[in-house]
1. Going through the range 101-116 one residue at a time, which ones are in contact with a strand residue (DSSP E or B) (Cβ under 6 Å, 6 or more places away or on another chain) and either surrounded by 18 or more Cβ atoms within 10 Å (Cβ to Cβ) or not assigned by TED's automatic domain parsing to the domain that holds residue 34 (or both)?
2. For the range 1-19, give me each residue that is touching a strand residue (DSSP E or B) at 6+ places or on another chain (Cβ under 8 Å) and in a helix (DSSP H, G or I).
3. Here are 513, 538: which of them is out of contact with any strand residue (DSSP E or B) (no Cβ under 7 Å at 6 or more places or on another chain) and not assigned by TED's automatic domain parsing to the domain that holds residue 453?
4. Could you check the range 329-360 and list, in sequence order, the residues that are out of contact with any helix residue (DSSP H, G or I) (no Cβ under 8 Å at 6 or more places or on another chain) and either at positive phi or at pLDDT below 95 (or both)?
5. Suppose the filter is under 23 Å from residue 9 (Cβ atoms), over 27 Å from the mean Cα position of the chain (by Cα) and either not assigned by TED's automatic domain parsing to the domain that holds residue 367 or not in a loop (DSSP other than H, G, I, E, B) (or both); does residue 92 pass it?
6. Restricting attention to the range 505-535, report how many residues are within 29 Å of residue 304 (Cα to Cα), assigned to a helix (DSSP H, G or I) and in contact with a helix residue (DSSP H, G or I) (Cβ under 7 Å, 6 or more places away or on another chain).
7. Here is a list of conditions, (1) on the phi < 0 side of the Ramachandran plot; (2) out of contact with any helix residue (DSSP H, G or I) (no Cβ under 9 Å at 6 or more places or on another chain); (3) surrounded by 15 or more Cβ atoms within 10 Å (Cβ to Cβ), and residue 139 meets all of them except one; can you say which number that is?
8. Considering every residue within the range 358-374, establish whether at least one is assigned to a loop (DSSP other than H, G, I, E, B) and surrounded by fewer than 23 Cβ atoms within 10 Å (Cβ to Cβ).
């Protein structure tokens with residue numbers, strides 16, 4: 001790909017700020033100084049706010065793959081303006097770039113229930129981007145992208161917090177986004193990662209080798225800024241905010257602002273499948289169908305690779321149907337349908353409950369759209385039918401995923417249920433098991449690498465019986481060798497497990513970024529058979545020393 005953006009001025013010339021140019025700003029923003037203190041925002045789609053630079057930024061890493069995809073030459077990493085911009089200093093950006101960013105408000109629903117209490121004003125008007133500030137929107141290689149700094153300082157939605165992200169969580173998000181993209185799952189992307197040793201913030205965390213479920217100490221951590229990039233950052237919670245205001249007639253432009261944000265979402269994320277000539281209600285119904293298709297595919301793929309979002313509220317659900325907000329996420333080690341990496345997440349956001357959580361978010365999405373179709377009972381009925389169809393579509397995607405993952409033509413519930421029970425009974429590593437299964441084993445010897453404990457004759461007999469049944473159902477339209485290759489494109493060899501991430505961010509805290517960059521190379525090739533050194537280091541089960549350990553087996557927050 002041609003790296004045509006080889007200086008900062010060329011990057012500036014790709015500017016195209018559709019969000020701030022086509023939508024409305026908070027009419028009170030000019031009355032509130034720098035807009036870096038908590039306050040209610042009653043209307044408008046965004047608040048203009050300058051990010052707060054980190055002092056003496058230190059470069060850690062950038063996504064080589066994403067630079068290539070955008071056409072950005074790596075020489076820009078040496079340009080002062082580039083470094084300043086992506087460490088939150090917009091003071092001297094050239095025209096037509098803007099020297100202010102924007103933060104957006106959104107509502108919160110947890111498992112389909114509307115919440116207002118998390119807003120400091122108890123009204124829902126103070127909830128939104130508390131430390132994420134979008135700083136740039138442009139068209140690069142014929143595609144529109146929005147660049148957002150996470151940890152860029154306070155906004156009106158900061159709820160009294162410091163607006164910063166720490167190095168630990170920034171390393172996790174930086175690596176996870178590019179890993180997820182390489183797993184062929186829609187996601188926000190990572191551009192750059194900067195830190196500063198001149199600024200620390202306090203965070204609750206765990207004592208070393210603790211088994212506590214709750215943080216026990218306050219620690220000082222270096223701040224960091226990761227730049228995440230997506231076609232847009234419109235969330236289900238964002239549509240909800242305007243849907244609630246329209247439903248309650250909170251101000252005279254409430255319905256108009258809802259229509260504007262929905263049409264903008266369609267333009268940014270769905271313009272290739274929703275014709276601009278259609279009437280508004282027809283666009284809304286198509287949007288609901290398309291989002292349903294994307295969301296069900298997304299969650300099925302999460303389960304395919306062993307990913308658990310941890311905190312799948314409506315405000316962490318991208319309306320474009322991709323993975324967003326890598327806070328308390330986790331990749332599963334030992335298989336457990338109830339796996340949940342976040343201590344505050346509960347069963348409702350656990351690994352196998354993600355389809356139900358997605359359905360609740362989709363219900364909130366449809367509820368937000370409903371004021372736009374109130375003109376006709378037929379439109380309302382159709383939207384209700386689309387909403388009711390979600391779990392059917394979800395189940396269909398899940399069953400196809402399992403069939404593909406197992407290399408069989410059609411989902412077999414008896415074979416699948418027997419497998420799930422065996423996985424639990426035997427204590428099996430999820431990723432390693434399905435990768436070893438991709439070699440088409442005939443006996444337990446071919447999968448025993450994934451077992452956490454020694455097995456007895458009874459277990460051996462059960463597995464050999466299951467493998468015999470499974471072998472008879474394999475999709476052998478092609479050879480076993482071809483099927484094995486196909487399964488290995490579905491079942492990754494490497495996933496970004498927390499015990500791997502801990503070493504990376506601990507090394508980074510000591511100023512050693514070698515492991516961060518090593519992991520970027522490995523985890524952006526998750527399906528490949530890599531070197532024997534890589535296999536010995538990372539194609540392994542979780543150590544028994546890590547089970548139950550705070551900060552490794554579970555985390556309390558995203559910081």
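The values are calculated or read from the model by the stated rules, or taken from the named source; none is laboratory data. Bear in mind the structure is a predicted one, so any value in this text is a computation, not a measurement. For neighbour counting, all protein chains shown are included, and Cβ atoms are generated from backbone atoms with ideal geometry for every residue, glycine included.
1. To start, the set of residues in the range 101-116 that are in contact with a strand residue (DSSP E or B) (Cβ under 6 Å, 6 or more places away or on another chain) comprises 101-106, 108, 115.
Hits for the range 101-116 are 101, 102, 103, 104, 105, 106, 108.
2. From the range 1-19, those touching a strand residue (DSSP E or B) at 6+ places or on another chain (Cβ under 8 Å) are 3, 5, 11, 14-19; that's our starting set.
Correct list: 11, 18, 19.
3. Numbers: 513 fails: out of contact with any strand residue (DSSP E or B) (no Cβ under 7 Å at 6 or more places or on another chain).
538 is the lone residue from the list that is out of contact with any strand residue (DSSP E or B) (no Cβ under 7 Å at 6 or more places or on another chain) and not assigned by TED's automatic domain parsing to the domain that holds residue 453.
4. 343, 344, 345, 346
5. Details: under 23 Å from residue 9 (Cβ atoms): yes; over 27 Å from the mean Cα position of the chain (by Cα): yes; either not assigned by TED's automatic domain parsing to the domain that holds residue 367 or not in a loop (DSSP other than H, G, I, E, B) (or both): yes.
Judged against the criteria, residue 92 is a match.
6. 8
7. (3)
8. Going residue by residue through the range 358-374, those that are assigned to a loop (DSSP other than H, G, I, E, B) are 374.
Right, trim to surrounded by fewer than 23 Cβ atoms within 10 Å (Cβ to Cβ) and you get 374.
Yes: one or more hits.
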